[in-house]
Amino acid sequence: MDVFQQGLTAAQAMGWMQVLLSFAIAQQSLEHLARGDRMIFVPRLILCVVMGLGVGGAWPVWGLWGISLAMLWRYQGPYNGGSDKMTMLILSCLSLAHMAPTPFWQEMALSYLAVQLVLSYFVSGWVKLVNPEWRRGEALCDVFRFSAYPVSEGLRRLADQPRFLFVMGWAVILFELVFPLSLLDPVALKLALLCAAGFHFSNACFFGLNRFFWIWLCAYPALIWFQDRIFG
(Lines give C-alpha, C1' and ligand atoms only; values in the text may rest on other atoms or scores of the structure.)
Protein backbone atom coordinates (compact mmCIF):
# COMPACT_ATOMS: atom_id res chain seq x y z
CA MET A 1 0.00 0.00 0.00
CA ASP A 2 1.32 3.44 -0.95
CA VAL A 3 0.85 5.42 2.26
CA PHE A 4 1.45 8.66 0.38
CA GLN A 5 -1.72 8.08 -1.61
CA GLN A 6 -3.90 6.06 0.74
CA GLY A 7 -4.73 6.48 4.41
CA LEU A 8 -5.17 3.89 7.12
CA THR A 9 -8.29 2.49 8.68
CA ALA A 10 -8.56 2.53 12.46
CA ALA A 11 -7.93 -1.21 12.57
CA GLN A 12 -4.87 -0.92 10.34
CA ALA A 13 -3.50 1.94 12.43
CA MET A 14 -3.91 -0.12 15.59
CA GLY A 15 -2.25 -3.11 13.93
CA TRP A 16 0.79 -1.11 12.83
CA MET A 17 1.05 0.56 16.22
CA GLN A 18 1.05 -2.80 17.98
CA VAL A 19 3.77 -4.20 15.71
CA LEU A 20 5.98 -1.13 16.19
CA LEU A 21 5.23 -1.02 19.90
CA SER A 22 6.15 -4.66 20.36
CA PHE A 23 9.59 -3.93 18.90
CA ALA A 24 10.11 -0.75 20.94
CA ILE A 25 9.08 -2.28 24.27
CA ALA A 26 11.01 -5.49 23.56
CA GLN A 27 14.13 -3.39 23.04
CA GLN A 28 13.57 -1.66 26.39
CA SER A 29 12.99 -5.02 28.10
CA LEU A 30 16.17 -6.53 26.70
CA GLU A 31 18.15 -3.63 28.13
CA HIS A 32 16.84 -4.50 31.60
CA LEU A 33 17.34 -8.25 31.14
CA ALA A 34 20.99 -7.60 30.36
CA ARG A 35 21.24 -6.23 33.91
CA GLY A 36 19.52 -9.29 35.39
CA ASP A 37 16.11 -7.77 36.21
CA ARG A 38 13.75 -10.62 35.24
CA MET A 39 10.75 -10.27 37.58
CA ILE A 40 8.92 -7.83 35.29
CA PHE A 41 10.82 -7.86 32.04
CA VAL A 42 10.62 -11.54 31.09
CA PRO A 43 6.77 -11.44 31.06
CA ARG A 44 6.97 -8.06 29.33
CA LEU A 45 9.19 -9.47 26.60
CA ILE A 46 6.90 -12.49 26.11
CA LEU A 47 3.87 -10.21 25.74
CA CYS A 48 5.77 -8.16 23.16
CA VAL A 49 6.44 -11.27 21.09
CA VAL A 50 2.78 -12.32 21.30
CA MET A 51 1.56 -8.85 20.34
CA GLY A 52 4.08 -8.57 17.51
CA LEU A 53 2.88 -11.87 16.07
CA GLY A 54 -0.69 -10.55 16.06
CA VAL A 55 -2.10 -13.25 18.32
CA GLY A 56 -3.98 -13.00 21.59
CA GLY A 57 -6.21 -10.13 20.51
CA ALA A 58 -6.32 -7.33 23.06
CA TRP A 59 -4.85 -9.36 25.94
CA PRO A 60 -1.16 -8.62 25.21
CA VAL A 61 -1.96 -4.89 25.05
CA TRP A 62 -3.79 -5.01 28.36
CA GLY A 63 -1.00 -7.09 29.88
CA LEU A 64 1.66 -4.61 28.79
CA TRP A 65 -0.44 -1.74 30.13
CA GLY A 66 -0.70 -3.47 33.52
CA ILE A 67 3.05 -4.10 33.64
CA SER A 68 3.75 -0.48 32.71
CA LEU A 69 1.50 0.62 35.55
CA ALA A 70 3.41 -1.66 37.94
CA MET A 71 6.67 -0.17 36.69
CA LEU A 72 5.46 3.34 37.55
CA TRP A 73 4.96 2.17 41.13
CA ARG A 74 8.19 0.17 41.32
CA TYR A 75 10.41 2.92 39.92
CA GLN A 76 8.42 5.77 41.51
CA GLY A 77 7.41 7.33 38.21
CA PRO A 78 8.53 7.35 34.58
CA TYR A 79 12.27 7.10 35.23
CA ASN A 80 13.07 7.53 31.52
CA GLY A 81 10.96 10.66 31.32
CA GLY A 82 9.22 11.40 28.03
CA SER A 83 9.79 8.02 26.42
CA ASP A 84 8.13 6.20 29.33
CA LYS A 85 5.25 8.68 29.32
CA MET A 86 4.69 8.15 25.59
CA THR A 87 4.86 4.36 26.06
CA MET A 88 2.15 4.55 28.71
CA LEU A 89 0.07 6.94 26.60
CA ILE A 90 0.12 4.65 23.56
CA LEU A 91 -0.67 1.56 25.63
CA SER A 92 -3.51 3.38 27.38
CA CYS A 93 -5.07 4.57 24.13
CA LEU A 94 -4.71 1.14 22.51
CA SER A 95 -6.22 -0.50 25.58
CA LEU A 96 -9.19 1.87 25.49
CA ALA A 97 -9.59 1.35 21.74
CA HIS A 98 -9.79 -2.41 22.26
CA MET A 99 -12.33 -1.94 25.06
CA ALA A 100 -14.47 0.55 23.13
CA PRO A 101 -18.10 -0.60 22.84
CA THR A 102 -18.60 1.16 19.49
CA PRO A 103 -16.39 2.32 16.58
CA PHE A 104 -17.04 5.93 17.67
CA TRP A 105 -15.30 5.45 21.03
CA GLN A 106 -12.51 3.50 19.39
CA GLU A 107 -11.90 6.47 17.14
CA MET A 108 -11.99 8.81 20.13
CA ALA A 109 -9.16 6.84 21.76
CA LEU A 110 -7.02 6.99 18.61
CA SER A 111 -7.87 10.67 18.08
CA TYR A 112 -6.74 11.52 21.60
CA LEU A 113 -3.38 9.88 20.92
CA ALA A 114 -3.03 11.73 17.60
CA VAL A 115 -3.79 15.10 19.22
CA GLN A 116 -1.31 14.42 22.03
CA LEU A 117 1.35 13.56 19.46
CA VAL A 118 0.79 16.85 17.63
CA LEU A 119 0.92 18.74 20.93
CA SER A 120 4.17 17.00 21.89
CA TYR A 121 5.84 18.80 18.98
CA PHE A 122 3.99 22.12 19.13
CA VAL A 123 4.35 22.61 22.89
CA SER A 124 8.04 21.70 22.68
CA GLY A 125 8.49 24.35 20.02
CA TRP A 126 6.56 26.94 22.03
CA VAL A 127 8.64 26.29 25.16
CA LYS A 128 11.80 26.83 23.10
CA LEU A 129 10.40 29.99 21.52
CA VAL A 130 9.71 31.70 24.85
CA ASN A 131 13.13 30.69 26.17
CA PRO A 132 15.66 33.49 25.52
CA GLU A 133 18.56 31.02 25.42
CA TRP A 134 16.94 29.13 22.55
CA ARG A 135 16.14 32.36 20.68
CA ARG A 136 19.78 33.47 20.99
CA GLY A 137 21.11 30.06 19.96
CA GLU A 138 22.83 29.50 23.30
CA ALA A 139 20.79 26.46 24.32
CA LEU A 140 22.26 24.12 21.71
CA CYS A 141 25.76 25.39 22.48
CA ASP A 142 25.24 24.38 26.12
CA VAL A 143 23.80 21.02 25.05
CA PHE A 144 26.93 20.12 23.08
CA ARG A 145 29.38 21.70 25.52
CA PHE A 146 28.00 20.35 28.82
CA SER A 147 25.97 17.29 27.80
CA ALA A 148 26.09 14.52 30.39
CA TYR A 149 25.63 11.98 27.60
CA PRO A 150 28.72 10.17 26.27
CA VAL A 151 29.28 12.10 23.05
CA SER A 152 32.54 12.34 21.13
CA GLU A 153 34.91 15.27 21.37
CA GLY A 154 34.16 15.98 17.72
CA LEU A 155 30.51 16.55 18.56
CA ARG A 156 31.38 18.67 21.56
CA ARG A 157 33.38 20.96 19.26
CA LEU A 158 30.10 21.94 17.60
CA ALA A 159 29.63 24.19 20.63
CA ASP A 160 32.35 26.39 19.06
CA GLN A 161 30.14 27.05 16.02
CA PRO A 162 27.47 29.37 17.46
CA ARG A 163 26.15 30.58 14.08
CA PHE A 164 25.53 27.04 12.87
CA LEU A 165 23.79 26.10 16.13
CA PHE A 166 21.76 29.33 16.03
CA VAL A 167 20.39 28.32 12.60
CA MET A 168 19.79 24.75 13.70
CA GLY A 169 18.04 25.87 16.87
CA TRP A 170 15.63 28.08 14.96
CA ALA A 171 15.06 25.33 12.40
CA VAL A 172 13.93 23.03 15.22
CA ILE A 173 11.71 25.71 16.76
CA LEU A 174 10.00 26.60 13.49
CA PHE A 175 9.50 22.97 12.51
CA GLU A 176 7.87 22.11 15.82
CA LEU A 177 5.63 25.18 15.73
CA VAL A 178 4.35 24.59 12.20
CA PHE A 179 4.03 20.82 12.61
CA PRO A 180 0.23 21.01 13.20
CA LEU A 181 -0.20 22.61 9.75
CA SER A 182 1.00 19.36 8.14
CA LEU A 183 -2.39 17.86 9.03
CA LEU A 184 -3.91 19.87 6.19
CA ASP A 185 -2.35 17.66 3.52
CA PRO A 186 -1.56 13.92 3.62
CA VAL A 187 1.72 14.21 1.69
CA ALA A 188 2.83 17.13 3.88
CA LEU A 189 2.09 15.03 6.95
CA LYS A 190 4.19 12.10 5.71
CA LEU A 191 7.08 14.46 4.93
CA ALA A 192 6.72 16.12 8.33
CA LEU A 193 6.79 12.73 10.04
CA LEU A 194 9.92 11.78 8.08
CA CYS A 195 11.57 15.01 9.24
CA ALA A 196 10.46 14.39 12.82
CA ALA A 197 11.78 10.83 12.69
CA GLY A 198 15.08 12.18 11.36
CA PHE A 199 15.22 14.62 14.26
CA HIS A 200 14.67 11.82 16.79
CA PHE A 201 17.21 9.64 14.98
CA SER A 202 19.85 12.38 15.15
CA ASN A 203 19.23 12.71 18.90
CA ALA A 204 19.65 8.95 19.22
CA CYS A 205 22.97 9.10 17.34
CA PHE A 206 24.31 12.21 19.10
CA PHE A 207 23.07 11.65 22.66
CA GLY A 208 21.94 8.02 22.89
CA LEU A 209 18.24 8.93 23.18
CA ASN A 210 17.24 5.83 21.24
CA ARG A 211 14.01 5.23 23.15
CA PHE A 212 12.52 8.51 21.95
CA PHE A 213 13.12 7.53 18.34
CA TRP A 214 11.38 4.16 18.55
CA ILE A 215 8.47 5.08 20.80
CA TRP A 216 7.50 8.23 18.88
CA LEU A 217 7.45 6.20 15.65
CA CYS A 218 4.91 3.88 17.29
CA ALA A 219 2.36 6.70 17.48
CA TYR A 220 2.73 7.84 13.85
CA PRO A 221 0.10 5.43 12.41
CA ALA A 222 -2.53 7.02 14.66
CA LEU A 223 -1.71 10.45 13.26
CA ILE A 224 -1.78 9.21 9.65
CA TRP A 225 -5.22 7.69 10.31
CA PHE A 226 -6.39 10.86 12.10
CA GLN A 227 -5.40 13.12 9.22
CA ASP A 228 -7.30 11.01 6.71
CA ARG A 229 -10.32 10.70 9.02
CA ILE A 230 -10.61 14.40 9.84
CA PHE A 231 -9.11 16.22 6.86
CA GLY A 232 -9.26 13.58 4.11
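Residue-wise test of (1) surrounded by fewer than 16 Cβ atoms within 10 Å (Cβ to Cβ); (2) over 14 Å from A114 (Cβ atoms); (3) of a type in the set (D, E, K, R).
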| site | (1), (2), (3) |
| --- | --- |
| S182 | no, no, no |
| D185 | yes, yes, yes |
| L191 | yes, yes, no |
| A197 | yes, yes, no |
| A204 | yes, yes, no |
| F207 | no, yes, no |
| A222 | no, no, no |
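Identify the residue in region 90-121 that is surrounded by fewer than 16 Cβ atoms within 10 Å (Cβ to Cβ) and of a type in the set (F, W, Y) and, among all such residues, is farthest from Q18 (Cα to Cα).
F104
On the basis of being at positive phi, modelled with pLDDT under 95, of a type outside the set (A, V, I, L, M) and surrounded by fewer than 19 Cβ atoms within 10 Å (Cβ to Cβ), does G154 make the cut?
No, not satisfied.
For region 123-132, check the following and say yes or no: at least one residue is more than 30 Å from V143 (Cβ to Cβ) and out of contact with any Ser or Thr (no Cβ under 6 Å at 6 or more places or on another chain).
no
Does F199 satisfy being closer than 13 Å to A24 by Cβ and either among the β-branched types (V, I, T) or part of a helix (DSSP H, G or I) (or both)?
No; evaluated as a whole, the condition is false for this residue.
Does region 205-225 contain any residue that is modelled with pLDDT under 95 and on the phi > 0 side of the Ramachandran plot?
Looking through region 205-225, at least one residue is modelled with pLDDT under 95 and on the phi > 0 side of the Ramachandran plot.
Are there any pairs, at least 6 apart or on different chains, whose C-beta atoms fall under 8 Å, with the first in region 192-204 and of a type in the set (S, T, N, Q) and the second crowded, with 16+ Cβ neighbours inside 10 Å, and if so, which?
Within 8 Å, the pairs are N203/L209; N203/F212; N203/F213.
Output the residue which, of all residues in region 38-86 that are in a helix (DSSP H, G or I) and among the charged types (D, E, K, R), is farthest from the chain's Cα centre (by Cα).
R74
The values are calculated or read from the model by the stated rules, or taken from the named source; none is laboratory data. If you're wondering where the values come from, they're calculated on a predicted model, not measured in any experiment. All Cβ positions, glycine included, derive from the backbone under ideal geometry; neighbour counts span all protein chains shown.
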